[in-house]
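Report on one structure; see the data block that follows.
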Amino acid sequence: MSIERTFSMIKPDSVRKNVIGQINSMIEKAGFKIIAQKMVHLTMRQAEHFYDIHKDRPFYSDLCNFLSSGPVVAQVLSKDNAVSDYRKLLGSTNPLEAEEGTIRKAYGESIDYNAAHGSDSPETALREISFFFNNLEIFDR
Ligand code: ATP
Ligand code: MG
């Protein structure tokens, strides 16, 4: 298995709870390297663009309102099998169904406020990473 990159976002609920460091600690303990990181406050338009794959779903406007409701921490993570391993570390989309030891079990409250995001495929990861970062902002090491 070769080193892979995934995109992570610590969502506004976690930033408001002041658990950025605790989530980063879970990420690092699970063997990921944080190779890029920045705090940004997305506009509604940017949130809509980020989640445009969900534009026909009934929860789209609530989701975009939430995502643009406060700052987020955007990150690039690297590890063998990063995309699927980070989805496992996040746990189920609905924190009430998330397994013990996952980020959403520890910090998620509901399907709307579920603590953090992770790319769902290597192709999505590329698209999401380039939405937030240019190559000069990513530090493989
Ligand atoms: P994310 O993309 O945020 O990492 P995910 O990949 O686990 O989450 P998606 O299917 O991509 O889940 O949904 C994106 C977001 O939309 C979820 O994080 C959740 O907040 C919201 N969502 C998904 N499904 C539902 C639903 N059935 N009802 C309400 N909100 C939902
Ligand atoms: Mg998703």
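Solvent-accessible area of region 22-141 (1.4 angstrom probe, protein heavy atoms only): carbon and sulfur portion equals 51 percent. Projecting the Cα atoms of 36, 68, 101 onto the charge dipole of the chain, computed from C-beta unit charges around the Cα centre, puts 36 farthest toward the positive end. Checking every one of the trypsin sites (Lys or Arg not before Pro) in region 1-88 against DSSP loop status and a limit of 12 other Cβ atoms within 10 Å picks out 55.
Ranked by accessible surface with a 1.4 Å probe, highest first, in what order do 72, 40 come? Could you put the intermediate results ahead of the total?
On the way: 72 0, 40 40 Å².
Ranked list, largest accessible area first: 40, 72.
Accessible surface ranking for 93, 6, 1.4 angstrom probe, highest first: 93, 6.
Computed extension length for residue 126-residue 52: 25.1 nm, one decimal, from 0.36 nm per residue of separation with the Cα-Cα distance subtracted.
Listed by chain and number, the aspartates and glutamates placed with their C-alpha closer than 17 angstrom to that of residue 55 are 112, 120, 128; residues fewer than eight positions away on the same chain are left out.
Using the Cβ of residue 54 as centre and a radius below 12 Å, the other residues enclosed give a net charge of -3, where K and R count +1 and D and E count -1.
With a cut-off of at most 15 other beta carbons within 10 Å, and DSSP calling the residue loop, which GluC sites (Glu not before Pro) in region 78-141 qualify? Please list them.
Values: sites: 97, 99, 100, 109, 123, 128, 137; in loops: 99, 100, 109.
Those satisfying the criteria are 99, 100, 109.
Quotient of the Cα radius of gyration of the chain and 2.2 N^0.38 Å, N being its number of residues: 0.97. Loop-resident chymotrypsin sites (Phe, Trp or Tyr not before Pro) (DSSP state other than H, G, I, E or B) in region 1-82 with no more than 13 further Cβ atoms inside 10 Å of their Cβ: 59.
Express the Stokes-Einstein translational diffusion coefficient of region 1-72 in µm² s⁻¹, to the nearest whole number, given a Kirkwood radius over alpha-carbon pairs, 37 °C and a viscosity of 0.692 mPa s. Write down the numbers at each step before the final one.
Working: Rh = 13.7 Å.
Roughly 240 µm²/s, to the nearest whole number.
Straight-distance candidates among the lysines for linking to residue 88, with alpha-carbon spacing under 24 Å and chain neighbours fewer than 8 residues away dropped: 11, 17, 29, 33, 38, 79, 105.
Heavy atoms of the protein chains alone define the surface here; on that basis the chain has 54 Å² accessible area per residue at 1.4 Å probe size.
Run the dipole for region 1-95 about the Cα centre, Lys and Arg Cβ at +1, Asp and Glu Cβ at -1, nothing else charged, and hand back the magnitude in debye, nearest 20.
Working: 13 positive and 9 negative charges, 41 e Å.
Using Cβ point charges on Lys, Arg, Asp and Glu, region 1-95 gives about 200 debye.
With the helix formula -39500 (n - 2.57) applied to DSSP H stretches of n ≥ 4, the chain reaches a computed 222 nm mean residue ellipticity of -10500 deg cm²/dmol.
At a 1.4 Å probe radius, which order do 62, 13, 85 fall into by accessible area, largest first? Intermediate results must be reported in sequence, preceding the final value.
On the way: 62 100, 13 10, 85 35 Å².
In descending accessible area the options line up as 62, 85, 13.
The values are calculated or read from the model by the stated rules, or taken from the named source; none is laboratory data. Keep in mind that this is a model prediction, so the values were computed, not measured. Cβ: placed from backbone, ideal geometry, glycine included. Neighbour counts: every protein chain shown. Ligands, DNA and RNA are excluded from the accessible area calculation, which covers all protein heavy atoms including side chains. Shrake-Rupley method; radii C 1.70, N 1.55, O 1.52, S 1.80 Å.
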